[in-house]
Number of protein chains: 2
Amino acid sequence: MLDGLFRPRSIAIIGASANPYSIGHIVIKNLVEYGFQGPIFPINPKASHIRSFRAYKSVLEVPDEIDLVNISIAAKYIPAVMEECGQKGVKFAIVHSAGFKEVGEEGLRREREMVEIAHKYGMRVYGPNCQGVQNSDPDISAYANFTFVPMKPGNISIIAQGGGMGELLKLHLHKVGLGHALYCSYGNECDLTMPEILDYYGQDDGTKLIMMQTETFKDPKAFLEVASRITPHKPILAIKSGRTAEGSIAVSSHTGSLIDQGAMTAAMYKKAGVVAFTDADEMIKAAIAFSQQDPPDGTRIGLITNTGGPGIAAVDEAINQGLSLARWSEAGKERLETSLYAEASTGNPVDVVATAGPDHYFAAVDTLLHEDGTDMVMVFFVTAPFVDLDGIADRIEEAAKSSTKPVVVVIETIDKWAPLIERIRKAGVPVYEFPEDGVRALAAMSRHRALAARPREDPPELSIDHAAAKAIVDRFAGRGEYLPQDEAFALLRAYGIEVPKLARVSSEDELAGAAKAVGFPCVLKVDSKAVIHKSDEGGVALNLTDSGALSAAFRQMQERFDGKDAHYIVQEQKAPGRELILGAMESPGLGSLVIFGLGGIFVEVMKDVAFSVAPLSRPEAQEMMREIQGFPLLEGTRGEEGVDLAALEDLLLRVSRLAADLPGIAEMDLNPVFAYASGVSAVDVRIKIA
Amino acid sequence: MLDGLFRPRSIAIIGASANPYSIGHIVIKNLVEYGFQGPIFPINPKASHIRSFRAYKSVLEVPDEIDLVNISIAAKYIPAVMEECGQKGVKFAIVHSAGFKEVGEEGLRREREMVEIAHKYGMRVYGPNCQGVQNSDPDISAYANFTFVPMKPGNISIIAQGGGMGELLKLHLHKVGLGHALYCSYGNECDLTMPEILDYYGQDDGTKLIMMQTETFKDPKAFLEVASRITPHKPILAIKSGRTAEGSIAVSSHTGSLIDQGAMTAAMYKKAGVVAFTDADEMIKAAIAFSQQDPPDGTRIGLITNTGGPGIAAVDEAINQGLSLARWSEAGKERLETSLYAEASTGNPVDVVATAGPDHYFAAVDTLLHEDGTDMVMVFFVTAPFVDLDGIADRIEEAAKSSTKPVVVVIETIDKWAPLIERIRKAGVPVYEFPEDGVRALAAMSRHRALAARPREDPPELSIDHAAAKAIVDRFAGRGEYLPQDEAFALLRAYGIEVPKLARVSSEDELAGAAKAVGFPCVLKVDSKAVIHKSDEGGVALNLTDSGALSAAFRQMQERFDGKDAHYIVQEQKAPGRELILGAMESPGLGSLVIFGLGGIFVEVMKDVAFSVAPLSRPEAQEMMREIQGFPLLEGTRGEEGVDLAALEDLLLRVSRLAADLPGIAEMDLNPVFAYASGVSAVDVRIKIA
């Protein structure tokens, strides 16, 4: 439990100073300004008091218990202070100070030493190189942070790695009059980890939703586990900074190299049901809606406006966001027709026209909210100078409250009518400035609902021979090499994946036996560590129809790959099918990511590829197939037969399971897989063992 | 010249009323409030005066000349009033009143009558069903509009079709302290057209850039012509409302049906060099940068921040927007190292760290602006509570002014420091709230510069036989039918497009002659109005190697298509190449759009398709090929040879020229075209004549 950190009964400030620009001073000022509900103990070896608080030379001198200390002294003095805190029985230490991991080896060593001391006493360290934490709960009111955005209670909890980004999120809630519940910016994460904090937020009753920003995941697996537990009952909105900085999807023949931190994050968010954003502003605007409204049950939006253009802009954005336009029942249409002006338009958007007054707006909002075919409503109004604006605001509110469906309002106006906006916001209805913003916020809520409602299943039981597979991986472990072809295929076979008949040959006299086992027509492939791109280097001979052709091809290759320690594979020739790529790659700290796409061109040139965290559940495998833009080709499109989706799903499940079960597999690349109207077949595979 | 509209020397208000909620009253109020520099004449048959202005029963009673009238009386009274205005010699009539085209036939008739009367007297009509116009030039100061956003001079001119959207654009400039030069929201466009107004804006010295919103293009060709003339010297920023409402790209086998108003608009914007937006907020934020800074010469951005996260967010967005990260020279790096704190990071972003003061910020901005490898700079700062913020603002300004490269600032702060933001804005440096906003604004300027710098060439001279082509089109004109295959190929041939050898046959005894002319292997195709999807219906036989196979195929098809008035084409069998689709389609009011993409799957499933306005110039054809995501396949990618880009370019030029020269061609669909390492070949074509 992190109560000592987020609900401290007492706080000591180590590095408290009379200098108003020092962190120690600012933290005390913030704690006082926002009325921290416990005692504050400045620690300073020289001062008798800081502000009006009696100062102590050391925590050991403090007469009462201390839950939390905020430390902002130079890094080199921290170990000694940590010892004292430990002896004192302090529960949590927030270390604001920099000079740790972020400065290199020396700092990392210092960080470890600090944590070691803390753990000796059962104390936990938060940070270092961080801003701090806040809890706006009036029973606590802890602004244990040296930043400047005013604190006020709210139901959004914020967890940010970077202080600047965390502050940005807090700031823009503040700008629309919203506060937050818990807040933290956790810096270096040397001891207390982000997933632990997230877990705490998940259990916090005052937290309706969580908004988060990360730069790197120290423990992706723990994050995935915690986030997956939270999202079914509490939305998590997240942005990952550095999606492109680490390198966007590299275009390469090798599917393995397609993975980067951006792809890993997206796959984790998907699996965990996190609502992902790429724009902080958009995430904040969505959080505002989540904070005040409940998510819609579907994707059908009803739009109301008193001027045409913004209504059209809302339609454009709704379609962009994957929402659909609601349609009204006959009764609904009739009510709109009888309640609105004759020149009003009663389609979607409903255009109540600029002269519409309070009753017109009420009728429109109320009608739409009570339509079964409407899941959410956005109301736009430009403050026309000839109508009763306060009345409109009141009646929109009134109608909005009569339903649990979410309603957002977009108001086009100048400062003069700012009180109108505040009035609606205070009534719990989010107000935006652009129609696109309102639509995006509703769409984000709809996305969350869809994610939370997904079937959550465990990966299915599969008939596999784990021991056989493990034996192969173990045999090659530690070499960092690709498996010989026959071993790679054997590994797949052990996991119930159908593979072509094949035989390994090293000399010409083995050809006859191999051909007999495999049959004609067959394929001859080179198998050598020195040959990476077999096809390009003349190491694949297709469609060999008899033993003469096979021998000729063999002799040619032997000559070509002389001195390359080459073996050869005689393999059943499979009929060509729809080409697919399936793969998996180790993702450090997480496990394995599964990769799926149509053939090379689609993956490499069109970047049409899906990533998921292994192992896959059945719904996840189904979702993954549908995620690529080329899915209609798999389903079958005009004039072209589809492929065996059930077989493909099974293949995805088995590949993902294999990658997850055997962490020794660093990369796995089934390329190509041929998919047929009935069945699928992996005709080539590369597997690298770590 | 539209001086009478935008620089009126006198204005009469027809429908002036003492009712403060009437349009006539509000227009007078607005004209007075913003100090219109000419006389105002209220026209009201009953009142002796409106506000303090003497009223007249009719414009004919006004003793002085009238340049402009604002009419807000009921539609049915307008014809009589128009007559009087004409007799009086009024130059422009703004008709605010509704009840015209937008209400149907009756209204359209009324609209035409009104324009007819006006034209009899050489008067022009603006609107109807519109807001009005504004000119903030202090010599004019005309707020001839009934809306509410305060007017102040600026260098952005706004042209909007919809009043609500126009007002939104104006409003958000106002919110950051910017005004506008000219403003208009033009409504029904019954007489005076948007391109005429745009042309006027283009010539207006007080207009540095134009921001526009449209819903429908009444005269796309005129818009294209005018916009193309303006953009080389004055940026046009544009948003089209209703991009998806009219139907997004329909997925269909028929490339023709891929065109919609959204695609047409995008193609026009591209050809004209207009900077296109899909988000009004983003366009406004870009306009703010255009208004105060000059566009960058390239795409290399330099970033400065005092906290990590927002710097990373800026990098992500820069890469998203197609910008690249600038690199510093050794000298630059050295200057950064010596001027900044030791813990600062001198890469890109430069992190000056939170404790950085005015001199640090100055050194960073000044260094980056003087780097040859930097085209633009974005400066982020969170208002840390321990530094001299005013000093930082002043020094950023000072550095920004030392260079013509664009600089934008992003400030993370609370209301308390709002004066800081105002101060920087007043100095002509745009300030945003999110790093993404700053980057997008700079990227939009960079896009404009690239568009303005494109080589502008006329479509090249091509060796064509226009007469032969025209003869074919004329022969089939008016039937709304597809050309017979041989005629369609002949049409292509007339425009210098290489087509396969082919011969049309109707009976078996013509086969031998056809085969002799075409040679073996050949293809037999059915040609019948009743057979739309030849391949799907068994109407294509490929790879016929001798006369026996040809005869057999012929007999089979004859049986299959019995009674379908079928003819047949014997055609040279072409070697398969990279499959492409080229097409053209009539775009009403504009001419023809050219369509280009890889084969069917890429167009229909992957939606990877480019549109351009015909005819193409050589640079436009080159740009169009590069526009599709699949271009690497044409250029050649790992292991695959590229295609003959010069031949493809020539084909695009000829197809576009053919479509443009012969408006009788409603649809043209070369599908597939085979592209080879040398040459291209259109192996099937469908052409519909209007």
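Remark: pairs (first residue in the stretch B:161-187, farther than 26 Å from residue B:220 by Cβ and at pLDDT 95 or above; second residue among the small types (Gly, Ala, Ser) and not in a helix (DSSP H, G or I); Cβ separation under 6 Å; 6+ apart in sequence or on different chains) = B:178/B:154; B:179/B:136; B:179/B:154.
I'd like the residue in the stretch A:379-404 that is surrounded by fewer than 16 Cβ atoms within 10 Å (Cβ to Cβ) and more than 14 Å from chain B (Cβ to nearest Cβ) and, out of all such residues, is nearest to residue A:315 (Cα to Cα). Checking each candidate, the answer is A:404. Taking the criterion of being modelled with pLDDT of 95 or more, among the charged types (D, E, K, R), assigned to a loop (DSSP other than H, G, I, E, B) and surrounded by fewer than 21 Cβ atoms within 10 Å (Cβ to Cβ), the residues of the stretch B:44-92 that qualify are B:57, B:64, B:65, B:67. Among the residues of the stretch A:570-614, those that are assigned to a loop (DSSP other than H, G, I, E, B) and either crowded, with 24+ Cβ neighbours inside 10 Å or within 14 Å of chain B (Cβ to nearest Cβ) (or both) comprise A:599, A:605, A:606, A:607, A:608, A:614. What about residue A:590, is it touching a helix residue (DSSP H, G or I) at 6+ places or on another chain (Cβ under 7 Å) and closer than 19 Å to residue A:682 by Cα? Taking the combined requirement at face value, the residue does not satisfy it. Selection within the stretch A:129-177: residues that are away from every other protein chain (no Cβ under 14 Å) and part of a loop (DSSP other than H, G, I, E, B). The member of this set that is nearest to residue A:237 (Cα to Cα) is A:155. Suppose the filter is in a helix (DSSP H, G or I) and away from chain B (no Cβ under 12 Å); does residue A:196 pass it? Taking the combined requirement at face value, the residue satisfies it. Cβ-Cβ distance below 9 Å, separation of 6 or more or different chains: which pairs start in the stretch B:258-278 with a residue that is within 16 Å of residue B:216 (Cβ to Cβ) and polar (S, T, N, Q) and end on one that is outside any helix (DSSP H, G or I) and at pLDDT 95 or above? Between residues of the stretch B:258-278 that are within 16 Å of residue B:216 (Cβ to Cβ) and polar (S, T, N, Q) and residues that are outside any helix (DSSP H, G or I) and at pLDDT 95 or above, the close pairs are B:265/B:238; B:265/B:276. Among residues of the stretch A:217-233 that are of a type in the set (S, T, N, Q), those with a beta-carbon under 8 Å from a residue that is part of a helix (DSSP H, G or I) at least six positions away or on a different chain give the pairs A:228/A:271; A:228/A:272; A:231/A:272; A:231/A:448; A:231/A:451; A:231/A:452. Of all residues in the stretch B:264-283, those satisfying the criterion of being within 14 Å of chain A (Cβ to nearest Cβ) and in a helix (DSSP H, G or I) are B:265, B:266, B:280, B:281, B:282, B:283.
Comparison of B:408, B:429 shows that the only residue that is in a loop (DSSP other than H, G, I, E, B), under 24 Å from residue B:236 (Cα atoms), more than 14 Å from chain A (Cβ to nearest Cβ) and modelled with pLDDT of 95 or more is B:429. Within the stretch B:161-193, the set of residues being among the basic types (Lys, Arg) and crowded, with 24+ Cβ neighbours inside 10 Å comprises B:170 only. Entry remark, the stretch A:396-405: residues being over 21 Å from residue A:310 (Cα atoms) and part of a helix (DSSP H, G or I) number 3 in total. I'm checking my understanding of the structure. Among residues of the stretch B:93-105 that are within 14 Å of another protein chain (Cβ to nearest Cβ) and touching a residue at least 12 places away in the same chain (Cβ under 8 Å), which one is surrounded by the fewest Cβ atoms within 10 Å (Cβ to Cβ)? It comes out as B:102. The residue of the stretch A:326-360 that is farthest from the other protein chains (Cβ to nearest Cβ), among those that are crowded, with 19+ Cβ neighbours inside 10 Å and within 20 Å of residue A:296 (Cβ to Cβ), is A:332. Being surrounded by fewer than 18 Cβ atoms within 10 Å (Cβ to Cβ) and within 14 Å of another protein chain (Cβ to nearest Cβ) is the filter here, so list the residues in the stretch A:633-649 that pass it. Answer for the stretch A:633-649, where residues must be surrounded by fewer than 18 Cβ atoms within 10 Å (Cβ to Cβ) and within 14 Å of another protein chain (Cβ to nearest Cβ): A:635, A:636, A:638, A:639, A:640, A:641, A:642.
The values are calculated or read from the model by the stated rules, or taken from the named source; none is laboratory data. Given the structure is predicted, the values throughout are model-derived calculations rather than measurements. Heads up, the Cβs are rebuilt from the backbone with ideal geometry, glycines too, and the neighbour counts pull from every protein chain shown.
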